[in-house]
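Every number in this text was worked out from the coordinates using simple rules, so none of it is lab data. Just so you know, these numbers come straight off a predicted model, no measurement behind them. Because the Cβ atoms are built from the backbone with ideal geometry, glycine has one as well, and the counts that use them run over all protein chains shown.
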Amino acid sequence: MAQPKNPEKHCTYLPPESEKKSTKAMHDTPMLDQLVDGPWPSFVTGLKRLAMDNNMMVDLLGQLEHSYNTRLGYWKGGTVSVFGYGGGIIPRFTELMDDDGKPMFPEAKEFHTVRIQPPAGNFYSTDMLRQLSNSWNKYGSGLIAFHGQTGNIMFIGTTSDNTQHFFDEVNEYGYDLGGAGPCVRTAMSCVGAARCEQSCANEMKVHRLLVNNFIDDMHRPALPYKFKFKVSGCPNDCMNSIQRSDMAVIGTWRDDMKVDQDEVKAYIASKSRQYVIDNVISRCPTNALSLSDDDTLSVDNRNCVRCMHCINVMTKALSPGDDHGVTILMGGKRTLKIGDTMGTVIVPFMKLESDEDYDTLKEIAENTIDFWAENALEHERCGEMIDRIGLVNFLEGIEIDVDPNMVTHPRISSYVRMDTWDEEVDKWKQRKAAG
Amino acid sequence: MSEKAKPRTPIETGCPDGMQYMHPVYLKNFGNWKYHDRPRPGVLHHVAKSGDEVWTVRVGTQRQLGPYEINLLCDIIDNYADGYVRFTIRSNMEVSVTDESKVEPLIQAFTDAGYPVGGTGNSVTMISHTQGWLHCDIPGTDASGVVKSLMDELHDEFISEQMPNRVHITTSCCQINCGGQGDIAINIQHTKPPKINHDLVANACERPSVVARCPVAAIRPAMVNGKPSLEVDEKKCICCGACFPPCPPMQINDPEHSKLAIWVGGKNSNARSKPMFHKLVAAGIPNTPPRWTEAKEIVMQILSAYKADACDWERMGDWVERIGWPRFFELTELPFTKFHVDNWRGARHTLNASTHIRF
């Protein structure tokens, strides 16, 4: 790698030994040292810089090196929280003891993480980033992960006492703990309306409305298991909400998508007709696009499934319609325990404009969490409960009517008792009549 | 006599409003953007309906940041941009400027400080990952180290846009898969049942909930050496490690037998195809710090087959669906074994019930 222009302002910089403030000698870390070089910024260099500053990181490096040698982890959990809350801290105590039962790396024997909710959309001013960093440098190791997989700012490494001091300080300037344990978790939302033309929702508003409505359920874990909200502004689902959240709110539109025919022509002129046929027209999953001989594009909007592909390719010529709303899916999660589940459509479309619309969204979330809290087994995610009791029982529990958009296709199995068929048909007719 | 300090009551403000930290051009044009393009790898250019324009430089970080890095990056953002930053879901920083002439100096400043500019469009972007040995209580491997080692190799793919479509890679240190699914996911896969320390189970574990946690009902209460403990039916055990978090004396991690498995074709977006789960392609890969060479080689093999064979805009999963799994194994030269055939509930739907065979 080329020599940095200014080595003191470079990610590879390590201060000279004379500037070492930590009093404990560094451990030898031959394994970790092999992760110092290479073009990607090295977390090991970062840890070493922090170890020049505090003894906790000196010993943290010692324990991590030990893990690299033995290929085992050495942290155990525990119970640590702040006054008034029950969760939000990930306690870590070292399990690495010497022959006398004393910690091998005593300065890092307590190494807790404080989960703090970032501003919706992960927006920061540099002043705020520096302020958060200063607070953590005062009470913790200095190491911060932007961000953990649930979406929290992870302030990694402090003692039990200092979790409270740190929380008190950041809480005074507007930051609150996130979730840990069986509770409503920190949510995530995309950049959305702030900088994306594909946004069909006010993602930050939905995000904050949902999470802040359940703040008690976040801070005092008492639910069957975790419950996650994620908000994406369009079906590109940059927040991975269908697979990774219990309740996914995704922006969409129900009128016609917008086509700027001049821009279509300009795009064809710049990329070629064949490129557009091969990469746009023939990639439409429902064959809803047709390119005419005069290079105008027609869209069968009734059969467009709002997949976003053509809009992603032709960002200038094509865009979502104006009649925005959201689709809600519930029950996404990875393997443990019943196998992987994607979220299922629960609300195919709802408007989010008026205060009443947002109240309705809140009610759907409240009904869902209430029903799940009542009916789930211990450690059972919402999607697993739906799998166990059946979608229809879940829908009845949260008072939402069945809709053909909820299924890929109707049932295949004839093993079902249907003696109330006529009543169900009447309900369908009444719903249709009510519009 | 000093009175004991009264504990401070928290202010339950919840999630802070992002608006207060937003670039003014974002605020002004909130919900009113017109289109975007990418003038070069690592740069997004958005145009608002008002005519306002904004250029956003995306820069890769090591995710774990200390005060030195934060101040270094913030100094660059203050000196060369407008003092605002956001983080993407994959730990990249996005820094916006409203003056096009500031873009190149900003990129130069990040590059001079050793931070790669890229991760946009059809690049291999930053790997989404977990905590690993650094902080997790149940990790089978490290996270940051695997990612550092892979991103060193993928640096050129991060700073350019040469893939058929975007590539999202994830790593996870246990089968819970906190890293999430990806076009390529590298996850721990245990291959031996837990080793139980029967002296500790009674005190450390709530036995009925551990029994309930097992996906295949392989755990049952038992008296061992006169102490209440748990036993595992090792013929039934699938070595998933689900019992380990609620019962640490059931150690699942093993330096030899905790292997890595690689999964391919996960996609969260609804673009073209519906979202899809990643599928197993390789397993039995040794867990080898500090550089995880064996896993890295397989990832590079898969990426090079995808890069050579996929059409523009095909995500890894789209590509495999078009060419079929037999061709995938042929092109990547990975072995297909009996373990690739699913046998979990719903497995029947993963079998080929047709004569659709490619020759």
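Quick notes on this one:
- Of the complete DSSP H runs in chain B, those spanning 15 angstrom or more by Cα along the long axis with a mean Kyte-Doolittle score not below -0.5 are B:67-80, B:144-158, B:293-309.
- Estimated FRET transfer efficiency (B:S304, A:R411; beta-carbon r; R0 45 Å; 0.05): 0.55
- Counted charge near B:G180, where neighbours are those whose Cβ lies closer than 13 Å (Asp, Glu -1; Lys, Arg +1): +4
- With the charge dipole of the protein assembly as shown set up from +1 on Lys and Arg Cβ and -1 on Asp and Glu Cβ about the Cα centre, the Cα lying farthest toward the positive end among the listed residues B:M276, B:G66, A:M239 is that of B:M276.
- Any cysteine of chain B lacking a neighbouring Cys Cβ under 4.7 Å - listed by number: B:C15, B:C74, B:C136, B:C173, B:C174, B:C178, B:C214, B:C237, B:C239, B:C240, B:C243, B:C311
- For B:342-353, mean number of other protein chain Cβ atoms within 10 Å: 1
- Label-to-label distance, nm, for residues given as A:D262 and B:V216 (7 Å Cα→Cβ offset): 6.5
- Average beta carbon contacts from partner chains per residue of B:175-188, 10 Å cutoff: 2
- Cα centre as origin, Lys/Arg/Asp/Glu Cβ charges: chain A dipole, Debye: 1020
- Positive-pole candidate from A:G62, A:I89, A:S42, dipole of the range A:14-108, charges at beta carbon: A:I89
- 12 Å beta-carbon shell around A:M31, net charge (K/R +1, D/E -1): -2
- Percent of C-alpha pairs per 5 Å bin, the range A:74-157, short to long: 3, 14, 20, 22, 19, 11, 7, 3, 1, 1
- Distance between the pseudo-spin-label points of B:A283 and A:I277 (7 Å out from Cα toward the beta carbon): 4.5 nm.
- Rounded to the nearest 20 debye, dipole of the range A:258-319 from Cβ charges on Lys, Arg, Asp, Glu: 260
- Whether chain B is rounded, prolate or oblate, judged on the alpha carbon gyration tensor where a/c under 1.5 counts as rounded: oblate
- Candidates B:Y21, B:L106, B:V147 compared by Cα position along the dipole of chain B: farthest toward the positive end lies B:V147, with charges placed on Cβ.
- With each label modelled as a point 7 angstrom along the Cα→C-beta vector, the B:E330-A:D98 pair spans 6.2 nm.
- Shape category assigned to the protein assembly as shown from the gyration tensor of Cα positions, a/c cut at 1.5: rounded
- Within 10 Å of the Cβ of each residue in A:272-279, the mean number of Cβ atoms contributed by other protein chains is 1.
- Radius 14 Å from Cβ of B:I285, net charge of other residues (Lys, Arg +1; Asp, Glu -1): +1
- Calculated FRET efficiency for the pair A:R254/A:A433, C-beta based, R₀ 25 Å, to 0.05: 0.75
- Note on A:W421, A:W40, A:W428: ascending count of other Cβ atoms within 10 Å places them as A:W421, A:W428, A:W40, the fewest first.
- As a proxy for reagent exposure, ranking A:C238, B:C173, B:C239 by other Cβ atoms within 10 Å from fewest up yields B:C239, A:C238, B:C173.
- Listed by chain and number, the lysines placed with their C-alpha closer than 19 angstrom to that of A:K226 are A:K333, A:K337, A:K362; residues fewer than eight positions away on the same chain are left out.
- The range B:120-151 and the range B:290-317 have Cα centres separated by 17 Å.
- For B:N287, residues with placed amide H under 5 Å, excluding near neighbours: B:L260
- Cα shape, the range A:12-149, gyration tensor, a/c 1.5 rule: oblate
- Here chain B is treated with +1 on each Lys and Arg Cβ and -1 on each Asp and Glu Cβ, and its dipole about the Cα centre works out to around 1500 debye.
- Taken as Cα centroids, the range A:241-312 and the range B:21-80 sit 27 Å apart, rounded to the nearest whole angstrom.
- Contour minus Cα-Cα distance for B:H45 and B:D233 (0.36 nm per residue): 61.9 nm
- Packing-based exposure ordering (other Cβ within 10 Å, fewest first) of A:S160, B:S354, B:S96: B:S354, A:S160, B:S96
- The range A:258-319 - convex hull of the alpha-carbon atoms, volume per residue in Å³: 70
- On the basis of the beta-carbon distance and an R0 of 41 Å, B:E256 and B:I357 show a calculated FRET efficiency of 0.55.
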